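Structure record follows, encoded as structure tokens.
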Amino acid sequence: MHNNLLVLQSDFGLVDGAVSAMIGVALEESPTLKIHHLTHDITPYNIFEGSYRLFQTVDYWPEGTTFVSVVDPGVGSKRKSVVAKTAKNQYIVTPDNGTLSFIKKHVGIVAIREISEVKNRRANTEFSYTFHGRDVYAYTGAKLASGHISFEEVGPELSVEHIVEIPVVETVLEDNLVKGAVDILDVRFGSLWTSITREEFNHLSPKFGERFEVTIYNNDMLVYQNQVTYGKSFADVRIGQPILYINSLYRVGLAINQGSFAKAYNVGVGASWHIEIKKMEN
């Protein structure tokens, strides 16, 4: 199933012509494509972030949508170029470098194929080794989104089990404690989005208005420790005060009402940033 929707994501930014070139290649293949942008502000080379932003977004797009994600520090190397078919019959065109990690874990991948560059690479680009986003991914994505090729015509099938995956921190549940990681930021507002799901947080039987001891480490170094109120939304605490909440992805978030938690406490993201939430004793 193809619906003529093509959604682009990259770490290219918009300061030069890279993204425009990808759009042009796609429209040259099919001028009637409807092209949209997930983001082009992924931190350069940050595959983890690219993977998370896909997971954050794909569920809200219709069946048959094709996504192109290019965060590709290994461009020109032996890493594979692939198209994954999700459990919702969407397609993700990307390097097999870990970008599919969150999709495989939280959305589901039912099949994956390696892009045949003999058939599915833009003509006269075989000696260009550094812009597969234009020459392979945007081109193949456009052919797929427009229905000019089927998923089966992308190339040979690969094993879903052998998809390259980024290590993720598993949530640890203890008697009065939940441990996870700071996965990513709500970038514009500086809120922390953790790996701890709503269901996992419910292990602590939280009630709105209750306070929890929140501790954040960077590896083994203590970065933050404080008692934080659990609320429905930011206005449940005074301006400038921290709050625990459940975000739009049903993960535990940590924010400052009308402030940036990440900037206030110099908190980063990724597997080295650990968070512990402890139920306070009465």
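The values are calculated or read from the model by the stated rules, or taken from the named source; none is laboratory data. Treat the numbers as computed from the prediction; the structure is a model and nothing was measured. Reconstructed Cβ throughout: ideal geometry from the backbone, glycine too, with neighbour counts over all protein chains shown.
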Has the range 10-25 got at least one residue that is of a type outside the set (A, V, I, L, M, F, W, C) and touching a residue at least 40 places away in the same chain (Cβ under 8 Å)?
yes
Checked G253, G270 against criteria (modelled with pLDDT under 95 and within 13 Å of L185 (Cβ to Cβ)); the one match is G270
Any chance the range 124-131 includes a residue that's touching a Lys or Arg at 6+ places or on another chain (Cβ under 9 Å) and either within 21 Å of H2 (Cβ to Cβ) or not in a loop (DSSP other than H, G, I, E, B) (or both)?
no
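Having 2 or more residues that are free of Cβ contacts under 8 Å to residues at least 12 places away in the same chain and aliphatic (A, V, I, L, M) is the bar; report the strands (runs of 3 or more DSSP E) wholly within the range 190-282 that clear it.
Numbers: elements: 191-197, 211-218, 221-230, 242-246, 251-256, 270-279.
Correct list: 221-230.
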In the set G147, G108, which member is over 22 Å from V25 (Cα atoms), out of contact with any helix residue (DSSP H, G or I) (no Cβ under 9 Å at 6 or more places or on another chain) and not hydroxyl-bearing (S, T, Y)?
G108
Return the residues of the range 150-189 that are in contact with a His (Cβ under 8 Å, 6 or more places away or on another chain) and either part of a loop (DSSP other than H, G, I, E, B) or surrounded by fewer than 19 Cβ atoms within 10 Å (Cβ to Cβ) (or both); say none if nothing qualifies.
V169, L173
Output the number of the condition that L6 fails; it satisfies all remaining conditions of (1) crowded, with 22+ Cβ neighbours inside 10 Å; (2) without any contact (Cβ under 8 Å) to a residue 12 or more places away in the chain.
(2)
Hits in the range 199-248 (condition: over 24 Å from the mean Cα position of the chain (by Cα), of a type in the set (D, E, K, R) and at pLDDT 95 or above):
K207, E210, R211, E213, K232, D236, R238
